[in-house]
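Only one structure is covered here, and it is reproduced in the block below.
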Ligand code: MLT
């Protein structure tokens, strides 16, 4: 009989978003005709930008001609996309990154889950709480996290609580760890790291010979040009940090799927005998075995995000979502809620009224306002007492959600 990977038994019972989907489907079935407004999962709602759509159509046509047809592509990405990434995501901010440090993939979720494979099973792990569930689940599956305790935490993980007191952006701890995940702008709390905070993490990583896994999937939502968009804006980061970026939220690719990971040549880990090994080479090897590249047509669409038109059109999409975030922030505050973040991220972190638990308030929002949110505790125990509200929707739905929430909860809100 094939033995199963028993580490899976240390996972929380369900992945957060399918669990929300299950509860919402049950509600919809019990309340036929109820018009729900979905501010739960961070999924984009605007159609593809015209420049992106045109590139996609053209690439489809190319694939239909003998000269333009392409089969397997380079597994790390086509040069035309990697060059555009280097020029626009890095060059414009004065960051020197090389083509052979970029790995194009089909999503940051996958990258965030896959990257841990190149590290030893006994690496110690540092995560914030609350946290994007992929960071923890992928390490649980690999056996690195230990048993799940009754407090919702895994025995072998060091957690840094992200709280109101630290602005939901904890500083590095005194103790060391081998691997630390950072996400800025943060999913779920919407907080953002400035240069000083990010530099403290880079210094901590260098002092402790740790690797930072920096998830910048939401960098396009940063409104203040002075804030760092890439960890490589911090001196020394090339030696200790891996960075992930995505086209999902900034250009509406949640359905198309395209993202990339950067691993600088200087970024190394060590063997048990102390030999230094470039992490980039391990990931390249992994990619070559397990991945056959993102479809040509999707990479052409991603490259169009960087064209003059594409940049303008995608910036308008981001501006639309950020205006939603502003309306939600102000509207919820007016209704009496304690609202955090949402200035540089498409997510608001909202304290539940009257000390309600996260799931309890999720259920009440659903039943009384017909609005879907994400319970904060689903991202970790320190998220208890909060819900995350996503700004990905139409303005009409955001306004209607605010009206309904205000009607149902404006008295008695904390
Ligand atoms: C979220 O809602 O947290 C995100 O949409 C999940 C993801 O990007 O995988």
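Please treat every number below as a calculation from the coordinates, not as lab data. The structure displayed is predicted, hence computed values, not measured ones. Cβ atoms come from the backbone with ideal geometry, glycine included; neighbour counts cover every protein chain shown.
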At 25 °C in a medium of viscosity 0.890 mPa s, region 98-141 has a Stokes-Einstein diffusion coefficient, with Rh taken as the Kirkwood radius over alpha carbon pairs, in µm² per second, of 207
Listing 163, 289, 406, 189 by rising number of other beta-carbon atoms within 10 angstrom, fewest first, gives 289, 163, 406, 189
Taking every C-alpha to C-alpha distance in region 129-189 and binning by 10 Å from 0, the per-bin percentages run 20, 54, 26, 1
Which of 185, 133, 47 fluctuates most in a GNM of the chain (C-alpha springs under 10 Å)? That residue is 47
From fewest to most C-beta neighbours within 10 Å, the residues 267, 123 line up as 123, 267
Dividing the helical contributions, -39500 (n - 2.57) per DSSP H run of n ≥ 4, by the residues of the chain yields a 222 nm value, nearest 500 deg cm²/dmol, of -10500 deg cm²/dmol
Rounded to the nearest 5, the percent of antiparallel DSSP beta bridges in region 52-307 equals 45
Computed Rg/Rh for the chain (Cα atoms; Rh = Kirkwood radius) stands at 0.96
For region 96-221, the percent of all C-alpha pairs falling in each 10 Å bin, from 0 up to the bin holding the max distance, is 12, 44, 37, 7, 0
Computed on Cα atoms only, the convex hull of region 22-169 has an orientation-averaged projected area in nm² of 15.6
note: region 186-324, Cα-Cα separations exceeding 19 Å make up a percent value of 59
In a Gaussian network model of the chain with springs linking alpha carbons closer than 10 Å, the residue among 152, 71, 378 that fluctuates most is 71
Ranked from fewest to most other Cβ atoms within 10 Å of their own Cβ, 290, 109 fall in the order 290, 109
Burial-style ranking of 223-236, 192-205, 21-34, 337-350, average other-beta-carbon count within 10 Å with highest first, yields 337-350, 192-205, 223-236, 21-34
